[in-house]
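Each remark here refers to the structure printed beneath this line.
The values are calculated or read from the model by the stated rules, or taken from the named source; none is laboratory data. For clarity, every value in this text was computed on a predicted model and none was experimentally measured. Here the Cβ positions follow ideal geometry from the backbone for every residue, glycine too, while neighbour counts run over all protein chains shown.
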Amino acid sequence: MFCFSKRRQKPAIQKLADHLPQLLYVCPPKRLHHVYSANLPTHIIMTDTKAHLLYVEDDESLSFVTRDNLELNGYQVTYCEDGQKALDIIRSTQRFDLCILDVMLPEVDGFTLAQEIRKRDEQVPIIFLTAKSMKQDKIHGLTIGADDYITKPFSIEELLLKIDIFLRRSKYTGILRGNAPVNIGSYAFDYKNLSLIAEGYSETLTQKEADLLKLLNEHKNQVIKRSFILETIWGKDDYFLGRSLDVFISRLRKYLSLDDRIKIENIHGVGFKFRVDD
């Protein structure tokens, strides 16, 4: 349901009205809140409290509208207008269910924030908001641990959809983390504890590395399509995520290089084959 919010009218809205033909709010199906539309009578909508989000954005107008929509959809939002304030919060004991980071920020940039988040939490989803169209920036963001990116200007509907997808996937991954360790060649792979161990060797994996290795091992000695890997782990199949996948494949090859019975083969134009010989 699309509707205008009657709750707040601030100057930031007028700023956006200058360059947006229409300001639309995406309202949840359940929320105790009065809303109105040009063609709709006033309603009372009920909602339940959802996840806790960290949102870092220095654009006052954009942040006001985005934060308002997130709250209208039931999310608890901790907002920071610059990178240093966000960094202080990240370094505290506060935990979040998902992080939304602008790349270009005062004081501390979004890439640095993402790296700090990953030091403390390998699993929390991170979405970058960026005005940049340069391929290397997007690839770099995905490589250091971001789950996805949205290029400005973006629709609120797109952001809400991505948040919902990543939160559901994060919950599912949390359930999977209870899986028992498995043997891969001469390695012991513990998905729950993100560890890969062999005689005289130990590697702590990132969540994405563990997700990828788990998926490959579940399809051991089978051809697995790139598109399937990208859609399963990253949520969509596109060029930038494909480049990020190649980086993670290279890392896994390095980690598994102690056992020459293990190969991650490129299948040209199709994907990969995770081969483990007896």
### Query
Considering the range 74-88 alone, what residues qualify as being among the aliphatic types (A, V, I, L, M) and touching a Lys or Arg at 6+ places or on another chain (Cβ under 6 Å)?
Val77
### Message
So Lys6 passes all but one of these: (1) in contact with a strand residue (DSSP E or B) (Cβ under 9 Å, 6 or more places away or on another chain); (2) at pLDDT below 50; (3) more than 28 Å from Arg168 (Cα to Cα); (4) surrounded by 15 or more Cβ atoms within 10 Å (Cβ to Cβ). Which condition number does it fail?
### Response
(4)
### Message
I'm checking my understanding of the structure. Among residues of the range 247-278 that are in a helix (DSSP H, G or I) and out of contact with any helix residue (DSSP H, G or I) (no Cβ under 9 Å at 6 or more places or on another chain), which one is nearest to Gly141 (Cα to Cα)?
### Response
Ser250
### Query
Of (1) of a type in the set (Lys, Arg); (2) in a helix (DSSP H, G or I); (3) at pLDDT below 90, Lys236 satisfies all except one. Which?
(2)
### Query
Is there a residue in the range 220-235 that is under 23 Å from Lys119 (Cβ atoms) and of a type in the set (D, E, K, R)?
no
### Message
For the range 86-101, which positions are assigned to a helix (DSSP H, G or I) and either without any contact (Cβ under 8 Å) to a residue 12 or more places away in the chain or on the phi > 0 side of the Ramachandran plot (or both)?
### Response
Asp88
### Message
If a residue must be of a type in the set (Lys, Arg), within 17 Å of Ala210 (Cα to Cα) and loosely packed, with under 14 Cβ neighbours inside 10 Å, how many such residues does the range 255-274 contain?
### Response
0
### Message
Quick test for you: out of Leu212, Leu216, pick the one residue that is touching a helix residue (DSSP H, G or I) at 6+ places or on another chain (Cβ under 7 Å) and buried (at least 18 other Cβ atoms within 10 Å of the Cβ).
### Response
Leu212
### Query
How many of the residues in the range 135-158 are modelled with pLDDT under 85 and acidic (Asp, Glu)?
1
### Summary
Flagged in the range 96-124 as within 18 Å of Ile165 (Cα to Cα) and either surrounded by 23 or more Cβ atoms within 10 Å (Cβ to Cβ) or of a type in the set (Ser, Thr, Tyr) (or both), in numbering order, are Cys99, Ile100, Leu101
